[in-house]
Structure formats: C-alpha cells, structure tokens
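As structure tokens, the structure follows; a few thoughts come after it.
The values are calculated or read from the model by the stated rules, or taken from the named source; none is laboratory data. It should be emphasised that the depicted structure is a prediction, and the values quoted were computed from it without experimental measurement. Using ideal geometry, Cβ is built from the backbone for each residue, glycine included, and neighbour counts are taken over all protein chains shown.
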Amino acid sequence: MSGLEVAVRLIYLVAAVCFVLGLHLMRSPATARRGNWLSAAGMTAAIVATVALVAAGGQTSEGGTYSVTGWGWGMLLSGLAVGSFAGLYTARAVQMTAMPQLVSIFNAVGGGAAALVGIIDFVRLSGEGAVTAGFSVPVVLDVIIGSVTFSGSLIAAGKLQGWVSGAPITFKGSRALNIAAAVVALGGAAWLVAAPSGWLLVAVVIASLGFGILMVLPIGGADMPVVISLLNAFTGLAVAMAGFVIGNQILIIAGALVGASGTILTKLMADAMNRSVIAIMIGGFGTGDTASDAGAGVAGADVRKVDADDVAIQLAYATKVIIVPGYGLAAAQAQRECGELGALLTERGITVLYAIHPVAGRMPGHMNVLLAEADVPYTQLLEMDEVNPEFATCDVALVVGANDVTNPAARRPGNAISGMPILDVDQARSVIVIKRSLGHGYAGLDNELYGQPQTGMLFADAKKGLREILAAVKTLVG
Amino acid sequence: MSSELLSNLGLFVLAVLVGFEVISKIPATLHTPMMSGANAIHGVVVVGAVIVAGLADDPFAYFLTFVAAAFAAMNVVGGYVVTDRMLGMFKARPARPAPAAADASSSAGSATTEGGAR
C-alpha cells in the first residue's frame with residue numbers, strides 16, 4: 001500500500017466514525033441537526049478521498065491500478081451533477097406530508113445504484129475471466145437485494161403518492177407469479193455462482209425487479225410504515241454487498257449501519273401494529289387508507305354526541321389537555337389546525353401534551369415531523385410510554401383521527417388487537433373524539449372507548465372539526 | 001476465502017451491532033429524520049460509483065456508470081438536505097417572532113371569529 005491508499009483508508013475510518021457519531025447525536029432534537037452535519041462532513045471526506053485515489057491512479061482492491069478515461073470522467077461527473085441537482089431540488093420542494101414518498105424514492109435510487117455497481121464490476125471481471133465464488137456471491141446478493149429494493153420502493157412511493165392504488169392489489173395467480181420470480185432469481189443466482197455468465201445476471205435482475213413489484217403491490221396503505229422501514233434495511237444491505245463486491249470498507253460499514261437501523265424500525269413498527277413482519281409482507285389485509293366503512297360500529301344510540309361549542313368550553317377551562325393525533329389527522333392534513341389549537345390553549349396557561357403512538361402517520365415518527373412543521377414544540381410531543389401515565393391526571397383527551405390505538409379492547413385477550421400497545425385514553429376524566437363516522441378502524445373492530453360514559457363524539461372531518469373548535473374557543477375566551 | 005473477505009465480513013458484523021446499539025437509543029420523535037439521515041448515509045454508494053468509473057472502459061460500463069452516479073448523487077445530496085430541513089423544524093419552544101404581534105392577531109381573530117382560524 002502506498003501513502004495514498006493508507007491515507008484513503010484512514011479517511012474512510014474517520015468517515016465511519018462521523019456516521020456513527022452523527023446517528024448518536026440524533027438521540028435528542030437539540031443535537032440532531034449537528035449530527036446530520038457531522039455525518040455529511042464524513043460523507044464529503046469519503047467521496048473526495050475516493051475521487052483523489054481514482055484520479056491519481058491508485059491501487060484497486062485487486063492490486064491493479066485505476067485509470068479513468070475521458071469518457072469515464074465525463075459520464076461520472078455528468079451523472080453526479082444530474083443526480084445532485086435532482087436530489088437538491090426534490091429535497092427543497094417536498095412537502096412534509098410527502099416525506100414517506102421521498103424516503104421511498106431515495107431507497108429506490110440507493111438500491112438501484114448499489115445493484116448497478118455490482119453489475120458493472122461483474123461485467124468487467126467476467127470479461128477478464130476472473131470471477132471467483134468469493135466475488136460472485138456478493139454480486140448476486142447485491143444485485144438481488146438492490147433490484148428488489150429499486151422496484152419495490154418505486155411501487156411503495158407510487159402507492160403513497162396515489163399513482164398506484166393504496167388498496168392491496170392482487171390478481172389471479174399473483175402469488176404464484178411472485179413465488180416463480182423468487183425461484184428464478186435465487187436459482188439463477190446459484191447457477192451464476194457455479195457458472196458465471198452475463199445472461200444469467202440479466203435473468204436475475206429481471207426476476208428480482210418483478211419480485212420487488214409483486215412483493216409491494218398486495219400490501220395496503222396502512223402497512224406502509226413497515227414496508228418503508230424494511231426497504232430501508234434492504235438498501236443498506238445492498239450497499240454493504242456492493243462494498244464486498246468492490247472491496248470497499250466504507251460501503252460495508254455504512255451499509256451495515258443502515259441495514260441495522262431499518263431492521264430495528266421494521267420490528268418496532270410491526271410490534272406497534274400488533275402484527276408480524278411476515279404477515280404484513282404476505283399482505284392482502286391492510287387497506288386502512290380511508291377507513292370509511294360507515295354505518296357499522298358501536299350501536300349508534302350508545303354514544304354521546306357533542307358539538308364544537310361544548311368541546312371549546314371543556315378545553316378552555318381545563319388545566320391539562322392531551323391531544324391524540326392519528327392517521328386520520330395526517331390524511332386530512334389538519335396538523336396546522338391541531339398545532340394552532342394546542343398553541344392557543346398553551347397561551348391560556350393550560351398544560352398541553354401530544355400523545356404520539358408509534359404508527360400515527362405514514363412512516364416511523366412521521367406525526368412528529370408534521371406537528372413540528374406546525375410549530376408544535378417537541379417538548380410537548382410525548383411517546384406512548386411517557387404519556388400513558390399522564391392520562392389519569394388529564395381533564396380532557398382530544399382524539400383526532402386515531403382509532404385502534406385507543407381501543408381498550410386491546411387489553412383483553414381474544415380479539416384482533418389483543419396485546420397491541422395502546423394509548424390509555426380511556427383513563428382521562430373526559431374524552432372527545434373527532435371522527436367522521438362510527439366506522440371501523442383498520443382492525444375492523446368496534447372501539448369500546450366510544451361507548452364509555454365520559455366520551456363525547458364530534459362527528460366531523462379532522463380539519464373541519466378542529467377549525468370549528470378553534471373558532472369556538474376564540475369566541476369564548478376573546 | 002481470502003483474508004480480505006474475512007476481515008470485511010468481520011467489519012460488516014461489527015457495524016451491524018454498532019448500528020443496533022446506536023439506533024435503539026433514538027426516541028420515536030426523531031424516527032423520521034433518523035430514517036432520512038440513514039437514507040443519506042446509504043448514499044455512500046456514490047463512492048462505489050466513483051470506483052467503478054475508475055475502471056470503466058467500454059460504452060456499456062460508461063452508460064451504467066452515469067446512471068449509478070446520478071442515482072447515488074440524488075440519494076446522498078437529497079438525503080442530507082431534506083434531513084436538515086426537517087430537523088430545522090424541531091423547536092423546543094413555539095416560534096413566535098414577535099409576541100405582541102401574535103397577541104394582536106389573535107385578538108383580531110376573536111373579533112371577527114373567522115380570520116384567526118385560517
């Protein structure tokens with residue numbers, strides 16, 4: 001190793017430390033921004049060092065030397081320019097409600113790039129007839145995982161954006177086709193390791209792309225937090241495999257870190273939905289995107305209806321209010337109204353807390369971002385475990401667009417949500433639920449909370465309901 | 001198995017364990033920015049695009065290098081920028097540029113009942 005290679009390896013080490021410390025700083029909102037900068041600095045250093053290594057004709061991991069042609073530079077730099085511009089533009093323009101789509105798109109391009117790196121290196125080495133099993137195994141893993149991530153993430157983004165129906169899409173024989181795609185991808189991969197060939201790689205890529213599409217199509221909109229987390233983990237793995245292919249340590253370390261983070265989030269989300277990851281991936285159950293099965297539900301006569309003025313009086317004269325935002329609030333884009341109401345009550349000296357269930361929103365932690373955008377201070381955003389003891393001492397719990405996660409039936413065995421972690425809303429002295437109808441949530445169960453004596457129902461869309469309450473509170477206290 | 005492959009495997013496993021350890025301490029409040037930050041980190045694949053460009057010498061490889069570089073650059077640049085944008089929104093106290101102005105607008109809102117709500 002010459003001085004240059006040693007320097008690059010050391011810079012990779014520094015970059016890896018920056019990534020880990022950057023993630024570590026994300027433990028608190030006060031330091032998280034600095035953490036992101038640290039991570040970006042490490043990334044810049046790693047990229048600059050690699051460009052220097054390649055430009056100076058340094059040693060490759062196989063012992064050859066890099067020699068970039070004019071075309072090589074041209075294609076690399078123009079690709080980087082186009083991609084940077086696209087990334088910058090989308091990152092600046094995206095609405096916070098559209099974050100899950102954007103993360104999905106970034107998963108897609110990251111996974112796609114990882115697969116392409118593997119493909120390019122395989123084609124080059126197989127041209128030289130120098131493919132060994134130690135090389136081709138990571139190549140096929142990289143190409144399979146990267147391609148599945150690419151097509152799967154695009155479908156997921158399409159579902160979130162509404163370009164592809166959010167409802168589970170299945171057709172006759174779709175499951176059989178999916179299994180066939182998996183068999184072709186894995187069989188082709190095994191064959192390729194035994195007898196390397198470019199055509200087998202093409203077959204593996206096509207089968208993997210098909211598998212990615214067929215894997216995500218049958219999954220319903222409400223399961224998207226799990227799917228995005230899983231695809232995030234896949235992208236990390238694909239990047240790590242690309243690192244094995246080209247013998248590059250920073251790709252391996254960074255990919256492994258992301259793979260771990262995606263895996264943890266996948267597990268957390270699945271637990272919070274009371275379902276196994278396998279059950280979600282097999283799919284065909286979670287539609288939940290609209291949850292508008294009107295008509296059904298708790299026997300209509302048993303619920304107490306309230307209007308916005310009643311709610312305003314209760315809120316304005318409370319000392320402690322807990323707002324429980326759910327999927328319905330995100331769907332109605334009512335986070336601004338919600339934040340405004342919270343701020344108004346806070347100004348009156350009322351203690352206002354937000355109870356955030358892990359799956360409120362369309363990706364892990366999404367609700368927090370939406371409320372942060374609506375100027376809700378993060379000190380008021382409490383996680384489930386922190387907020388649950390608070391319900392017993394609160395005067396009013398205001399539930400906006402959350403259903404299953406507030407259903408006390410989860411504490412009893414023998415139903416679809418038994419054992420699911422829930423918010424203890426039923427322990428509040430008074431409960432207000434803003435909801436369009438008595439329709440069922442995603443689990444298709446009656447919510448026992450609605451029938452309880454302390455609960456009042458305000459039948460309205462989340463946005464409209466919150467506006468009415470806001471106006472009523474302002475008149476009352478003005 | 002070469003010794004290089006073995007040491008890379010060791011690196012991979014240890015990095016996964018570090019990842020589990022670091023990530024599991026991040027509060028749910030920050031899960032979306034953390035995920036988007038992790039997303040930016042897997043944009044490190046841009047390093048891989050640079051390396052394959054260093055060895056590319058035929059039109060097919062050039063073309064794929066272009067696509068890989070564009071994908072990876074979009075991932076890394078967009079990932080960091082959007083994460084920063086999101087984290088900039090997390091504030092400990094509500095943003096009230098001028099308290100007096102806020103009071104004025106809220107009393108104006110209550111006078112007309114409508115104006116302040118939107």
task = Give the residues of the stretch B:1-53 that are polar (S, T, N, Q) and in contact with a Gly (Cβ under 8 Å, 6 or more places away or on another chain), sorted by residue number.
result = B:Ser2, B:Asn8, B:Thr29, B:Thr32, B:Ser36, B:Asn39
task = Looking only at the stretch A:97-109, count how many residues are more than 7 Å from chain B (Cβ to nearest Cβ) and closer than 18 Å to A:Leu370 by Cα.
result = 5
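Would you mind finding the one in A:Leu423, A:Leu382, A:Leu445, A:Leu398 that is out of contact with any Cys (no Cβ under 7 Å at 6 or more places or on another chain) and more than 29 Å from A:Pro29 (Cβ to Cβ)? Spell out the reasoning first.
Details: A:Leu423 fails: more than 29 Å from A:Pro29 (Cβ to Cβ); A:Leu382 fails: more than 29 Å from A:Pro29 (Cβ to Cβ); A:Leu398 fails: more than 29 Å from A:Pro29 (Cβ to Cβ).
Answer to the selection: A:Leu445.
Suppose we filter A:Gly127, A:Gly134, A:Gly118, A:Gly87 for residues that are closer than 18 Å to A:Ala157 by Cβ and at the interface with chain B (Cβ under 9 Å from one of its Cβ atoms); which single one remains? Spell out how you get there, then give the answer.
Numbers: A:Gly127 fails: closer than 18 Å to A:Ala157 by Cβ; A:Gly134 fails: closer than 18 Å to A:Ala157 by Cβ; A:Gly118 fails: closer than 18 Å to A:Ala157 by Cβ.
One residue alone meets the criteria, A:Gly87.
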request  = Examine the stretch A:40-50 for a residue that is more than 19 Å from B:Gly48 (Cβ to Cβ) and out of contact with any Phe, Trp or Tyr (no Cβ under 6 Å at 6 or more places or on another chain), and state whether such a residue exists.
outcome  = yes
key: Elements of type strands (runs of 3 or more DSSP E) contained in the stretch A:361-478, each with 2 or more residues being surrounded by fewer than 24 Cβ atoms within 10 Å (Cβ to Cβ)   = A:381-383, A:455-459
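So which of A:Ala189, A:Ala181, A:Ala167, A:Ala176 is exposed (fewer than 13 other Cβ atoms within 10 Å of the Cβ) and either under 30 Å from B:Ser3 (Cβ atoms) or not β-branched (Val, Ile, Thr) (or both)? First the steps, then the outcome.
Numbers: A:Ala189 fails: exposed (fewer than 13 other Cβ atoms within 10 Å of the Cβ); A:Ala181 fails: exposed (fewer than 13 other Cβ atoms within 10 Å of the Cβ); A:Ala167 fails: exposed (fewer than 13 other Cβ atoms within 10 Å of the Cβ).
After applying the criteria, what remains is A:Ala176.
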ask   = Do we find a residue being in contact (Cβ under 8 Å) with a residue 12 or more places away in the chain and touching a Pro at 6+ places or on another chain (Cβ under 6 Å) anywhere in the stretch A:415-430?
value = yes
key: Scope the stretch B:3-46; condition of a type in the set (Ser, Thr, Tyr) and more than 7 Å from chain A (Cβ to nearest Cβ); matching residues   = B:Ser3, B:Ser7
remark   = In the set A:Leu23, A:Leu38, A:Leu80, A:Leu76, the lone residue that is closer than 25 Å to B:Thr32 by Cα, aliphatic (A, V, I, L, M) and at the interface with chain B (Cβ under 7 Å from one of its Cβ atoms) is A:Leu23
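Could you pull out the residue among A:Tyr327, A:Tyr354 that is buried (at least 24 other Cβ atoms within 10 Å of the Cβ), assigned by TED's automatic domain parsing to the domain that holds A:Thr379, free of Cβ contacts under 8 Å to residues at least 40 places away in the same chain and among the hydroxyl-bearing types (Ser, Thr, Tyr)? Step through it out loud before you land on a result.
Working: A:Tyr327 fails: free of Cβ contacts under 8 Å to residues at least 40 places away in the same chain.
On inspection, the qualifying residue turns out to be A:Tyr354.
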message = I'm checking my understanding of the structure. Among residues of the stretch A:55-83 that are assigned to a helix (DSSP H, G or I) and crowded, with 19+ Cβ neighbours inside 10 Å, which one is modelled with the lowest pLDDT?
response = A:Gly72
request  = Spot the failing condition for A:Ser84; the list is (1) of a type outside the set (A, V, I, L, M, F, W, C); (2) touching a residue at least 12 places away in the same chain (Cβ under 8 Å); (3) touching a helix residue (DSSP H, G or I) at 6+ places or on another chain (Cβ under 7 Å), and only one is missed.
outcome  = (2)
query = In this structure, does A:Leu344 turn out to be crowded, with 24+ Cβ neighbours inside 10 Å, touching a Ser or Thr at 6+ places or on another chain (Cβ under 9 Å) and in a helix (DSSP H, G or I)?
reply = no
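Output the residues belonging to the stretch A:11-44 that are of a type outside the set (A, V, I, L, M, F, W, C) and either touching a residue at least 60 places away in the same chain (Cβ under 8 Å) or part of a helix (DSSP H, G or I) (or both).
Matches in the stretch A:11-44: A:Tyr12, A:Gly22, A:His24, A:Pro29, A:Thr31, A:Arg33, A:Arg34, A:Gly35, A:Asn36, A:Ser39, A:Gly42, A:Thr44.
Take residues that are surrounded by fewer than 17 Cβ atoms within 10 Å (Cβ to Cβ) and tell me which of the helices (runs of 4 or more DSSP H) falling wholly in the stretch B:1-93 contain 2 or more.
Numbers: elements: B:3-23, B:31-41, B:45-53, B:59-87.
Hits in the stretch B:1-93: B:3-23, B:59-87.
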task = Quickly run through the stretch B:51-75 and pick out the residues that are within 7 Å of chain A (Cβ to nearest Cβ) and among the acidic types (Asp, Glu).
result = B:Asp57
